[in-house]
1. So how much accessible area does residue 304 have, in Å² to the nearest 10, using a 1.4 Å probe?
2. What percentages, rounded to whole numbers, describe P(r) for region 230-326 computed over all alpha carbon pairs with 5 Å bin width beginning at zero?
3. Rank 210, 401 by accessible area, highest first, at a 1.4 Å probe radius?
4. Starting from 0 in steps of 10 Å, tell me what percent of the Cα-Cα pairs of region 124-238 lands in each bin.
5. Can you pull out the GluC sites (Glu not before Pro) in region 104-212 whose DSSP state is coil and whose Cβ has at most 16 other Cβ atoms within 10 Å?
6. Report P(r) for region 181-246: all Cα-Cα distances, bin width 10 Å, range 0 to the bin holding the largest distance, values in whole percent.
7. Starting from the Kirkwood radius over alpha-carbon pairs of region 320-421, derive D by Stokes-Einstein at 4 °C in a medium of 1.567 mPa s and give it in µm² s⁻¹.
8. Students sometimes get this wrong: rank 298, 204 by accessible area, probe 1.4 Å, all chains present, largest first.
Amino acid sequence: MTSPTEQLAEQLSATTLLRFATAGSVDDGKSTLVGRLLHDSKSVLADQLEAVEHASRNRGQEAPDLALLTDGLRAEREQGITIDVAYRYFATPRRRFILADTPGHVQYTRNMVTGASTAELAVVLVDARNGVVEQTRRHAAVAALLRVPHVVLAVNKMDLVDYAEPVFAKIAEEFTAYAASLGVPEITAIPISALAGDNVVDPSANMDWYGGPTVLEHLETVPVSHDLATCHARLPVQYVIRPQTAEHPDYRGYAGQIAAGAFRVGESVTVLPSGRTSKVSGIDLLGESVDVAWTPQSVTLLLEDDIDVSRGDIIVPTDDAPPTTQDVEATVCHVADRPLTVGQRVLLKHTTRTVKAIVKEIPSRLTLDDLSQHPAPGQLVANDIGRVKVRTAEPLALDSYAHSRRTGSFLLIDPADGTTLAAGMAGDAFASQTAEGTAPAVDDEGWDF
């Protein structure tokens, strides 16, 4: 007899959605691979294909350039590169997909971080002629930093090296060793030719020495079901529902999307950061009462006691509550054009909670090429990745990003105009933390905390 946790896992995996991102150096063929996936999986509408064929003819190309299915910006098409993150949805009978085609240029590292931040799998492309280059290592480091659980190494343009197995084996061995040293848990290497369609959707007749899955076959079968037994259950409160009608005079529900784990009726819970406790008396899901709910369902929790709960609070199991803190140490990727400096006043947005904060210290900046640390850079500029220490005005129930990507991440925002400055990942990544802090600076405008 299966346990309730196993039953939930089976329901989650019945109709799964896989979010994945593609990355690689310039001209490695990322957009062509994505276009080939869409085309060969019959996910391209006739008018879309006709538009691509027309644009390709105007550029003097005989065959349709499938990269145009994702490179939609005029600058991208003119230069033949990817600049913005292109999101595409497609589905097969076995699974639904949301893919993010991310740019390969160094100056667009922040765009790759954006695309891979919610990905459960990353496809890193390598040109078989060039092998593993600096940008390949940089993308592997970003995938490891963002805790992407599955990485696929797609060795592209095998047709240009005569489908030689030794070329593929050498690249796969070098990349696998490097990615494993960064802590990437699972790496799958696949030899492909995106232009010719080898091993993208259909198996290649030119590489009979390869017996593994095609790219689409791997995407359809890679496990993405949530391990509810080890997830830390978290519900950030988005809205407090008080109808105060004749039908529901005393109804008080706390609505939000379950960020991780599962909640059950009768379970003891704690509301953070206040620390007040109660029990779950009911769970409303899509207008019906249920006994259990799990991530990523949007639900309304009802509690036995009338306690103070508002937007921004997090409801957690009492026996699995994270510590609250005002001192946040994290790795951040700076995404704004303006720099992030020591002493800067910011807003920190964590799940549904936004609080005032001050950047107390920037201990180091990380160079992704060789993973070297540059101590005390003083500021972070666009595309920089570094360690920061932030002091918040109010306590936060922040998980380690290594334990929960949803509740271990946050944004730093400019309070003047709402611009997103940096995306943060709490706790250790592969950057070292410094043990010494700095004394708080005196401030007379409510920012001294």
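1. The value for residue 304 is about 110 Å².
2. Calculated over all Cα pairs of region 230-326, the distribution is 3, 14, 26, 29, 17, 7, 2, 1, 0 percent.
3. Most to least solvent-accessible, the answer reads 210, 401.
4. That works out to 13, 40, 30, 11, 5, 1, in percent per bin.
5. Counting only loop positions with at most 16 other Cβ atoms within 10 Å, the GluC sites (Glu not before Pro) in region 104-212 are 186.
6. Percent of pairs per bin, in order: 15, 27, 20, 15, 12, 8, 3, 0.
7. 93
8. 298, 204
The values are calculated or read from the model by the stated rules, or taken from the named source; none is laboratory data. None of these values were measured; they are calculated from a predicted model. So basically every Cβ, Gly included, is an ideal-geometry build from the backbone, and we count neighbours across all protein chains shown. Protein only, heavy atoms only, side chains kept; ligands, DNA and RNA dropped before computing areas. Shrake-Rupley method; radii C 1.70, N 1.55, O 1.52, S 1.80 Å.
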